[in-house]
Amino acid sequence: MAKLKQETIAAQIGNRKCERTGAVNMPVYFSTAYQHADLGVSTGYDYTRTGNPTRDALEEALAELENGTHAFATSSGMSAIQLVFQLFKTGEHIISSQDLYGGTFRYFEQFGAQYNIGFSYWNGAEIADLEKLLRVETKAVFIETPTNPLMQETDIAAVASWAREHDLLVIVDNTFYTPVLQQPLNLGADIVIHSATKYLGGHNDVLAGAVIVKDDSLGGFFFNQLNATGTVLSPFDSWLLIRGLKTLVIRVRQHQANAQKIAAFLETHPLVEEVRYPGRGGMISFFIQDAALVSPLLKQLELFTFAESLGGVESLITYPTTQTHADIPVELRNSYGLTDKLLRISVGIEASEDLVADLAQALDKVAEGVVSHG
Ligand SMILES: *Cc1c(COP(=O)(O)O)cnc(C)c1O
């Protein structure tokens with residue numbers, strides 16, 4: 001059969017896996033131990049940290065969706081990032097996107113200080129600026145694209161071809177676009193990371209991460225590290241993630257269609273200073289005219305929930321200054337444009353008319369407040 005499309009891969013995850021019962025839905029194998037028929041005889045499973053059938057079904061699908069050969073499901077997005085950074089040794093150096101998830105920045109700072117690994121930050125735009133950060137010790141480039149929360153796209157293919165000349169690994173956190181909108185391995189990246197807590201799971205009900213590669217030696221390294229450290233995804237959470245993934249493609253389409261309408265609306269509102277939307281995906285950031293309006297706006301919203309996450313079916317609004325990016329020093333944040341006027345929206349799959357109406361009523365009430373209270 002021809003290579004299957006993502007919709008088909010996703011909808012069929014776990015089907016035809018249980019020969020004994022013919023279960024259409026992937027069973028959750030809670031068993032931690034697996035019987036051996038004799039010395040040296042195995043079903044392929046012996047202990048659940050090393051391998052679990054439910055997690056295997058998930059990992060197989062993750063690899064297919066990202067067009068990789070090996071995937072690893074981990075207990076969180078941060079544990080996926082930590083798994084990948086076990087590649088690096090004291091004295092080495094990594095170049096990373098400047099504008100990135102606050103928890104990743106916090107991890108880099110702690111990990112770098114503890115193991116004497118250097119991090120340099122790049123704004124994700126010009127390869128010439130990337131070149132300036134290169135050292136003999138540099139081993140990898142880590143990018144989040146679009147950047148978070150400023151929503152600038154980085155050209156993965158351009159980074160990858162530059163990195164190949166210098167023998168560097170390219171690691172892409174693909175949480176925001178998902179393989180539906182961007183497949184970094186096809187663009188030349190070596191390693192893809194996800195916080196599967198976000199779009200892959202899609203329902204704000206499971207904490208999970210993923211690492212996907214297309215290379216046997218990286219695959220073998222991550223398998224051994226994960227087996228050694230044990231930060232694997234549990235069988236039940238693997239099942240929840242499978243359930244979420246089945247609808248990934250249609251969810252992303254709806255997130256994006258809604259986001260395009262909301263971004264167009266926000267562009268027209270006088271209280272909105274600037275909209276950051278790269279034209280695809282479900283994430284929008286915008287600057288409001290005055291930081292003092294943030295709290296009143298959050299109080300007026302009825303459908304957008306003020307909460308810290310993204311990628312779920314429910315629309316959320318986040319204030320990076322006090323939530324996702326609070327661990328980045330304020331002077332540093334301000335220096336690259338992440339100011340206290342910035343709000344970030346994760347557009348859900350509700351009706352776009354309802355979402356636009358909610359933003360309109362809230363912004364209008366705040367605007368009236370501004371007028372009447374001077
Ligand atoms: C949330 C997030 C992470 C961290 O993932 P967890 O699942 O919360 O551990 C990493 N990268 C990005 C882009 C994220 O949004």
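The values are calculated or read from the model by the stated rules, or taken from the named source; none is laboratory data. Everything numeric in this text was worked out from a predicted model, so none of it was measured. Note that each Cβ is placed from the backbone with ideal geometry, even for glycine, and that neighbours are counted across all protein chains shown. What goes into the accessible areas is simple: the full protein's heavy atoms, side chains included, and nothing from ligands, DNA or RNA. Shrake-Rupley method; radii C 1.70, N 1.55, O 1.52, S 1.80 Å.
Numbers for the structure displayed
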read-out: Some residue of segment 324-337 being open to solvent by less than 10 Å² (accessible area, probe 1.4 Å), of a type outside the set (Ser, Thr, Tyr) and in contact with a Phe, Trp or Tyr (Cβ under 6 Å, 6 or more places away or on another chain); value: yes
read-out: Residue in segment 283-297 that is in contact with a Phe, Trp or Tyr (Cβ under 6 Å, 6 or more places away or on another chain), in the same structural domain as Gln256 (by TED's automatic domain parsing) and within 15 Å of the ligand (Cβ to nearest atom) present; value: yes
read-out: Condition check for Leu130: in the same structural domain as Asn227 (by TED's automatic domain parsing), open to solvent by 20 Å² or more (accessible area, probe 1.4 Å) and more than 16 Å from the ligand (Cβ to nearest atom); value: no
read-out: Number of the condition not met by Glu153 [criteria: (1) farther than 27 Å from Pro53 by Cα; (2) within 16 Å of the ligand (Cβ to nearest atom); (3) open to solvent by less than 10 Å² (accessible area, probe 1.4 Å); (4) not hydroxyl-bearing (Ser, Thr, Tyr)]; value: (3)
read-out: Members of segment 70-122 found to be aliphatic (A, V, I, L, M), open to solvent by 30 Å² or more (accessible area, probe 1.4 Å) and either within 16 Å of the ligand (Cβ to nearest atom) or under 24 Å from Ala196 (Cα atoms) (or both), listed by number; value: Met78, Leu87
read-out: Only one of Asp215, Asp167 that is at pLDDT 95 or above and farther than 21 Å from Gly51 by Cα; value: Asp167
read-out: Count of segment 201-245 residues which are of a type in the set (Ser, Thr, Tyr) and away from the ligand (no atom under 16 Å from the Cβ); value: 1
read-out: Failed criterion for Asn148 (all others in (1) within 16 Å of the ligand (Cβ to nearest atom); (2) touching a Gly at 6+ places or on another chain (Cβ under 8 Å) hold); value: (2)
read-out: Test: residue in segment 254-275 that is under 21 Å from Asn148 (Cβ atoms), outside the structural domain of Thr74 (by TED's automatic domain parsing) and part of a loop (DSSP other than H, G, I, E, B); value: no
